[in-house]
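Working notes, beginning with the structure itself.
The values are calculated or read from the model by the stated rules, or taken from the named source; none is laboratory data. Every value quoted in this text rests on a predicted model; they were computed, and no experiment measured them. FYI the Cβ positions are ideal-geometry reconstructions off the backbone, even for glycines, and counts take in every protein chain you see.
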């Protein structure tokens, strides 16, 4: 019986960690992808003009304002984007 209780507790802990950390990409990875898409679609100079630190701050604010679930849905869509046009289509989209 103790083994079953420990297994249940471990399963609950894993679920809780997954919920609190989220299953989507981090703001840092999201911004890296956005910079790469900008470079691909608009060129090196446009990508260099992007401030990654500001992008990350903005994504973190968005995550706080929208909530983790909505943010992760949009971020997953954004990570699948292959162009800036695809990226724009992710705004408000659920995956």
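Of everything in the stretch 62-79 that's surrounded by fewer than 14 Cβ atoms within 10 Å (Cβ to Cβ) and touching a helix residue (DSSP H, G or I) at 6+ places or on another chain (Cβ under 9 Å), which residue is nearest to residue 29 (Cα to Cα)?
64
Select, from 58, 26, the only residue that is closer than 18 Å to residue 91 by Cβ and either modelled with pLDDT of 60 or more or loosely packed, with under 10 Cβ neighbours inside 10 Å (or both).
58
Taking residue 44 as meeting all but one of (1) in contact with a helix residue (DSSP H, G or I) (Cβ under 6 Å, 6 or more places away or on another chain); (2) exposed (fewer than 12 other Cβ atoms within 10 Å of the Cβ), write down the number of the exception.
Going through the list (1) in contact with a helix residue (DSSP H, G or I) (Cβ under 6 Å, 6 or more places away or on another chain); (2) exposed (fewer than 12 other Cβ atoms within 10 Å of the Cβ), residue 44 breaks only (1).
List the pairs whose first member sits in the stretch 66-88 and is over 25 Å from residue 47 (Cβ atoms), whose second member is at pLDDT 95 or above, and whose Cβ atoms are under 6 Å apart, counting only residues at least 6 apart or on separate chains?
none
For the stretch 80-95, enumerate the residues that are part of a helix (DSSP H, G or I) and either out of contact with any helix residue (DSSP H, G or I) (no Cβ under 8 Å at 6 or more places or on another chain) or farther than 18 Å from residue 23 by Cα (or both).
Within the stretch 80-95, 84, 85, 86, 87, 88 meet the criteria.
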